[in-house]
Amino acid sequence: MLSQQDYEDAIKYNALRQNFIDRIDRGGTAEFVFSVNYCSNGLFWRHSRKIMTTKSHWKEYYFGKPGYKSRLSVYPGSFNINFHPSFVDFCSTLIFHEGSHARDNFYRNFGVFNSRPHAMDIEGSVAFELFSELRAIDNQIRNFNCDNSESFKSRVERDRKRIVRELVTLGW
């Protein structure tokens, strides 16, 4: 069983991060996730503001076929005591936020959207991404517990408010 000390060791030592991730009990999200990989190399610059991402299977993404597992990527920014003050906070993002995206991809459950908007539909694509984030954040908030740090909970709730404001600005 992993502990706060294991998390702090992974923060200090990059070499421990993939093993740390592999040892996390992902619970019910395992059925929607093909793999979780730590990305310490050149991919990080493309996702400098991202801490973790979910990539749907190409058959789901391009052809709309449900039932395919997603790949999760974890970036160096997620191993930051200021962003994820505790092991529980790190797991909250991995399991309840990214796992929510993976579940939605697996079932092609996109909330108010029947399917992904066409890439040329810029406004629809932006709204789709915002709604997707909102659904994942709501799942994360529903699963907060007394072990989540107050600073983390406050940040996630601020992110939720920001996304709602952006959707209102778009007319949603």
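Read-outs throughout are calculated quantities, based only on the coordinates presented, and are distinct from any laboratory measurement. A quick note: this is a predicted structure, and the numbers were derived from the prediction, not measured. For neighbour counting, all protein chains shown are included, and Cβ atoms are generated from backbone atoms with ideal geometry for every residue, glycine included.
Okay, here's what the table says:
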item	result
Unsatisfied cross-links (Cα-Cα over 31 Å) in the set K12/K50; K59/K153; K55/K161; K69/K153	K59/K153
Proxy reagent accessibility, fewest Cβ within 10 Å first, across T53, T169, T93	T169, T53, T93
Pairwise label distance in nanometres, Q5 with K153, each label 7 Å out on the Cα-Cβ vector	2.7
For the stretch 80-90, Karplus couplings with θ = phi - 60° (6.51, -1.76, 1.60), whole Hz, Gly/Pro x	9, 5, 7, 7, 10, x, 9, 4, 5, 5, 4
Per-residue ³J(HN,Hα) for the stretch 29-39, Karplus 6.51 cos²θ - 1.76 cosθ + 1.60, θ = phi - 60°, Hz, x for Gly and Pro	6, 4, 6, 10, 10, 6, 7, 10, 10, 7, 10
Relative exposure of V126, V156, judged by other C-beta atoms within 10 Å (fewest first)	V126, V156
Amide H contacts of S70 (H built 1.01 Å from N, under 5 Å, at least 5 apart or other chain)	V33, F34
Where labels lie 7 Å past Cα in the beta-carbon direction, separation of R160 and K59 in nm	3.5
Sorted by Cβ density within 10 Å, fewest first, the residues W58, W172	W58, W172
